[in-house]
Amino acid sequence: FYATDFFLDDAAHRAVILGQSYGAQGGQVVNVIVDVSDPAKPVIVQRLSHDGYALEARRVGARVHRVSRFDVPLPAWFYDNEDALQPQREAWLEASNRDNQAEMDRIKAAVGAEIRSRLQAAGAATLLPTLRTGANSAPLSCAAVARPELPEAPGLVVIDSFNTDGGARAASAAVNSSWLVYGSADNLYLAQPSFGWRFVAEQSEETALYRFALSN
């Protein structure tokens with residue numbers, strides 16, 4: 001774990017240390033709450049973290065909003081050339097070479113159904129970041145994830161909000177590749193240039209804006 005920035009709540013004599021850690025399982029965004037009422041003896045009172053890579057942070061009053069990136073870990077079979085899906089991939093390419101759109105659509109539907117079946121069997125927790133509060137942990141809820149109607153990369157922007165004492169934590173996410181952040185007193189805005197979307201050669205240059213209402 002290494003610190004990248006901090007917020008100081010003078011009135012409450014607390015410091016929120018913002019940091020990042022890396023390990024064999026990937027990155028973790030880390031927030032350490034420190035009681036500095038005695039400057040000579042600072043005491044860690046809470047540690048909040050979640051899977052991902054830190055982007056930006058904003059503080060509004062006694063509330064901290066941490067924005068990070070989480071890349072969805074695709075299952076090993078997604079890349080396995082020996083998997084049962086590989087013949088379907090090859091058949092789709094052959095149909096594409098013959099310009100057989102009906103066959104391409106049929107294969108795409110069959111592959112999509114198989115992938116959904118496998119993911120449902122594995123469970124959503126395998127594709128979502130884990131939130132940790134001290135020694136307790138739980139995956140981000142599916143209900144907290146928004147999916148805009150926009151071509152996107154297979155990743156999430158996660159907003160982790162909490163008070164400077166570590167309490168009243170709330171996390172939400174959206175499927176996108178945003179990395180530009182602006183915060184006001186009531187909202188957090190994310191900007192996603194088309195450069196960060198899934199690559200399409202003929203894609204037009206656009207910028208998508210997302211607005212998240214901030215809790216008080």
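The values are calculated or read from the model by the stated rules, or taken from the named source; none is laboratory data. Predicted, not measured: the structure shown is a model, and the values here were computed from it. A quick note on method: Cβ atoms are made from the backbone with ideal geometry, for glycine too, and the neighbour counts reach across all protein chains shown. Keep in mind that these areas ignore ligands, DNA and RNA; they rest on the heavy atoms of the full protein, side chains included. Shrake-Rupley method; radii C 1.70, N 1.55, O 1.52, S 1.80 Å.
Couple of notes before you dig in:
- Restricting attention to region 55-84, the residues being touching a Phe, Trp or Tyr at 6+ places or on another chain (Cβ under 9 Å) and either open to solvent by 40 Å² or more (accessible area, probe 1.4 Å) or closer than 30 Å to Trp179 by Cβ (or both) number 15.
- Any hit, region 176-191, residues being modelled with pLDDT under 95, within 24 Å of Ala76 (Cα to Cα), open to solvent by less than 50 Å² (accessible area, probe 1.4 Å) and in a strand (DSSP E or B): no
- Scanning region 1-54 for residues that are surrounded by fewer than 19 Cβ atoms within 10 Å (Cβ to Cβ) and of a type in the set (Ser, Thr, Tyr) yields Tyr2, Thr4, Ser21, Tyr22, Ser37, Tyr53.
- Restricting region 1-13 to residues that are in a strand (DSSP E or B) and of a type in the set (D, E, K, R), the residue that is farthest from Asp51 (Cα to Cα) is Asp9.
- If only residues of region 101-111 that are of a type outside the set (Val, Ile, Thr) and under 16 Å from Ala84 (Cα atoms) are counted, the one that is surrounded by the fewest Cβ atoms within 10 Å (Cβ to Cβ) is Ala109.
- Total residues in region 112-128, condition farther than 17 Å from Ser68 by Cβ, at pLDDT 90 or above and either of a type in the set (Ser, Thr, Tyr) or surrounded by 16 or more Cβ atoms within 10 Å (Cβ to Cβ) (or both): 1
- Those strands (runs of 3 or more DSSP E) lying entirely in region 129-169 with at least 2 residues crowded, with 16+ Cβ neighbours inside 10 Å and at pLDDT below 90: 155-163
- Boolean, Ala95 is farther than 22 Å from Ile17 by Cβ, aliphatic (A, V, I, L, M) and surrounded by 17 or more Cβ atoms within 10 Å (Cβ to Cβ): yes
- Qualifying residue in region 74-95 (condition: in contact (Cβ under 8 Å) with a residue 12 or more places away in the chain, touching a strand residue (DSSP E or B) at 6+ places or on another chain (Cβ under 9 Å) and within 24 Å of Gln25 (Cα to Cα)): no
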